[in-house]
Amino acid sequence: MRKTTTTEAVGRRIPAQPGPRGVPLGMLVPPTQPAPMNATAEQTGPEDVMANPAPVDGAVAAAAAAKAPASAGSALPTVGGPTVSAVSGAVIPGAGPASRPGERATVRLRDVGPDDPPRYAPEWLELREGADAGARAPELLDPLRIRLANLPGRSGVVIHDLGCGTGSMGRWLAPRLDGAQHWILHDRDPYLLHFAAVASPRAAADGSRVTVETRRGDVARLTPDALVGASLVTASALLDVLTREEVDALVAACVGAGCPALLTLSVAGRVELTPADPMDAEIADAFNAHQRRDGLLGPDAVTVTCEAFAAHGATVRVHPSTWRLGPDHLALTAEWLRGWVGAAVEERPELKERADRYLARRLAACAAGELTVLVHHSDLLALARPTGGTS
């Protein structure tokens, strides 16, 4: 097993969708076979199998979360990331395609250090994937299918998934769209890119081929030519961790490419817990304030993004995508509670003593199967005016 190192996440932001901040390192077992530097992650059929793939099963993730509850002071792994080729079953050292001489970068990194820890742990992303899939708004798919079907002169579509995490958007969307698809997965964390490529779908709804490549980088700022040739841009739980300037850049890139954008699972700032507790509203207010730290949009993200697309003449549709957590989601609900309350206390430390008692009550109710939670999100579909590059 390849060694991993840990770096203390000092002063690090709690995720917009809070989750485990500690990763059981024994769970993370990437393949170690070397491969040429410029290979892409392309999948051709069920017979293509990764060597020693890392576990991505939701049950495994739930077990990992149960063994390693989230805590504000825990550490995250920092891994020197792989890009993977599912054709050769290999890991490509260095994570991401090598730049060619004179090539201009299209995705710029934020100003972070080389050992800055990843935003999300893979176990958390796997734990929440079922709830995400159940929440995503299928009502937005028909207008999206119509737009994609009307792209002339195309033998397939090119989909950029921004901040792909472990690739849950591709696993949900690719089997719901007809036609050949090429997914370009963007994430700053090379280890998440590995997970995403390993578990990406191989076939579209009609059996057409689905291929994948990975690109490492922070997608918070896209240059205008980042999406040239794109047919669709997707993202999950991304808008609320962007600033207004970063949303403007994302919108401008989508409009410049003339491609639709399906931006899902942005927090709406509303949570409903049953049975109710007197502290529910106070914790929710503190959490929402935490989300707006450092100029991040948090629960204002969907409104700001809609306004930005509308200013460019795009048609925008928004639909609720609510997590509905009950007795069938005990592990996810418990981890969400820890992160939600932890962010509130980080924002307002004076809440700590009462919040600790509140969390204990809520976790006890959760364990007893007596707690239900609605976490409100929104999905957004923006249909920009087609350009010469996409129509």
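Worth pointing out:
- Distance between the pseudo-spin-label points of residue 370 and residue 223 (7 Å out from Cα toward the beta carbon): 5.9 nm.
- Lys, Arg +1 and Asp, Glu -1 on Cβ, resulting dipole of segment 160-211 about Cα centre, debye, nearest 20: 100 debye
- Segment 137-194: C-alpha pair distances exceeding 17 Å, %: 44 percent
- Listed residue (199, 127, 151) projecting farthest to the positive dipole end of segment 121-231, Cβ model: 151
- For the pair residue 350 and residue 319, a Förster radius of 45 Å applied to the C-beta separation gives a FRET efficiency near 0.75, rounded to the nearest 0.05.
- Linear extension gain, residue 145 paired with residue 133, 0.36 nm per residue minus alpha-carbon span: 2.5 nm
- Computed from the C-alpha gyration tensor, the three semi-axes of the ellipsoid equivalent to segment 228-303 are 31, 14, 6 Å, from longest to shortest.
- Magnitude of the charge dipole, segment 191-294, Cβ model with Lys/Arg +1 and Asp/Glu -1, debye to 20: 540 debye
- Formal net charge of residues neighbouring residue 292 (Cβ-Cβ distance under 10 Å; K, R +1; D, E -1): -3
- In a simple Cβ point-charge model (Lys, Arg +1; Asp, Glu -1; nothing else charged), segment 250-391 has a dipole of about 300 debye relative to its Cα centre.
- Grouping the Cα pair distances of segment 251-372 into 10 Å bins from zero gives a pair-distance distribution of 12, 36, 28, 17, 8, 0 percent in increasing distance order.
Any read-out appearing in this document is the output of simple, stated calculations on the displayed coordinates, not a laboratory observation. Predicted model only: the values in this text are computed from it and were never measured. In this analysis, Cβ positions are derived from the backbone assuming ideal geometry, glycine residues included, and neighbour counts consider all displayed protein chains.
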